[in-house]
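Computed from the coordinates by the stated procedures, all read-outs in this text should not be read as laboratory data. Remember, it's a predicted structure, so these values are computed and weren't measured experimentally. We place every Cβ from the backbone using ideal geometry, glycine too, and count neighbours over all the protein chains shown.
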């Protein structure tokens, strides 16, 4: 029963990480790339309007960074809860 409780805590934290990271990605891709694009287009980055940049490149870069952050967080979570990939 203790092991089951630990696994529930593990998955709860995992889903919390996923929710936060996907919310960030949604905000960057949809919010900055679509909703805020007209306002962001007043600024330039690398010679391109910032709204265009977020829509075309920025959301992809943010997504890749979020993948590395997720891997880092999950490795820490695995150690905290004693969950190994080899044990699966």
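Beta carbons closer than 6 Å, at least 6 apart along the sequence or on distinct chains, pair a first residue in the stretch 52-65 that is closer than 15 Å to residue 41 by Cα with a second that is part of a helix (DSSP H, G or I) for 54/32; 54/33; 55/33. Within the stretch 32-87, the set of residues being assigned to a loop (DSSP other than H, G, I, E, B) and out of contact with any strand residue (DSSP E or B) (no Cβ under 7 Å at 6 or more places or on another chain) comprises 36, 42, 43, 46, 47, 82, 83, 84, 85, 86, 87.
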